[in-house]
Amino acid sequence: MINGIFNRHLIDIHSMEYSQTKLFGENQYITGTHAMSILGLSRHTFEKMVQEGLIARSDINGHIAYDKGVVEAFKQHPEYIRIQNGVLDERNQLNDLTGKDWLPETKSYFYQKGLGANHPDAQIEKQHPAPFSFQDIERLILFFTKKGMNVLDPFGGVGSTAKACAVSGRHCTSIELSPKYHNLSIERLEKEVGRGTSTHHNLINGDSCQLLPTYKAGTFDFIVTSPPYWGILHKQDQKVVKNRVANNLDTHYSDDDKDLGNISDYEKFLDILIE
């Protein structure tokens, strides 16, 4: 099967070369299809380059042709390099991604990415019983915001969203009920991103239920979070609990009555979360 595909590919190439020899003779001119293949450009982009005079078009024996040397030389042109690196469309009001970077991010799924439990920069993160990877959040932030925009995380935890904002040039407002995790988020930014980083973001130790109503509409460009898992952390598999206890790590968020993870009634939990 593989040999068949390979042989067919050779036949296609030879056919292209034979067609060009038949049209133009044994010289340096090639068809537009061959030129597009050499440059790896779509027909739309290739024709645009021709219209702008960046690639010269010739008439050979009544057929449109392109000088192969000119086509090869175009690979060194700044416009070609810009196209290969990706172009940011000025109409893009959502993010700073080029078309080349945008396409892979349109998938409805992505694989979770983390540093690994033993990584030096994962030691603060793992002190939280239900952290999420700052790298995963960074992908969302890069897709839904531009540099300098304001991002809100109403359940800040140990600062995963804040770190993602810090490394991607966004400004984060992170609200965390627990004083312990609030302090850890500050420590995390200072250690993992750089001294003084936390002062460039609004890290608040407080209750989101009380603070969120104080913000005016339009204050934030994007809201992203990982909300409390109701009471699931109180019902975790005993092996998970045992492993965390053995390593002196928290098994639930806190004992605070305002902590949504401590609400026993599921309907009440949903009502407060929606508010």
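Some values worked out for this structure:
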item: Members of the range 84-101 found to be more than 20 Å from F222 (Cβ to Cβ) and touching a Lys or Arg at 6+ places or on another chain (Cβ under 7 Å), listed by number; result: G86
item: Cβ pairs under 8 Å, 6+ apart, first in the range 66-94 and assigned to a helix (DSSP H, G or I), second of a type in the set (S, T, N, Q); result: K68/Q28; G69/Q28; I83/T45; N85/T98
item: Some residue of the range 71-87 being under 24 Å from M149 (Cβ atoms) and not hydrophobic (A, V, I, L, M, F, W, C); result: yes
item: Unmet criterion (only one of (1) in contact (Cβ under 8 Å) with a residue 12 or more places away in the chain; (2) over 30 Å from D153 (Cβ atoms)) for K100; result: (2)
item: Residue satisfying condition, being in the same structural domain as F220 (by TED's automatic domain parsing), of a type in the set (F, W, Y) and outside any helix (DSSP H, G or I), within set F155, F110; result: F155
item: In the range 116-141, the residues that are of a type in the set (A, V, I, L, M, F, W, C), touching a Lys or Arg at 6+ places or on another chain (Cβ under 9 Å) and surrounded by 18 or more Cβ atoms within 10 Å (Cβ to Cβ); result: I124, F134, I137, I141
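So that you can scan it fast, the table gives a plain yes or no per residue for (1) at pLDDT 90 or above; (2) over 17 Å from Q84 (Cβ atoms); (3) surrounded by 12 or more Cβ atoms within 10 Å (Cβ to Cβ):
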residue	(1), (2), (3)
Y18	no, yes, no
F24	no, yes, yes
A35	yes, no, yes
I38	yes, no, yes
S42	no, no, no
V50	yes, yes, yes
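The values are calculated or read from the model by the stated rules, or taken from the named source; none is laboratory data. Nothing here was measured: the structure is a model prediction, and the numbers come from that model. Ideal geometry is used to build each Cβ from the backbone, glycine not excepted, and the neighbour counts take in all protein chains shown.
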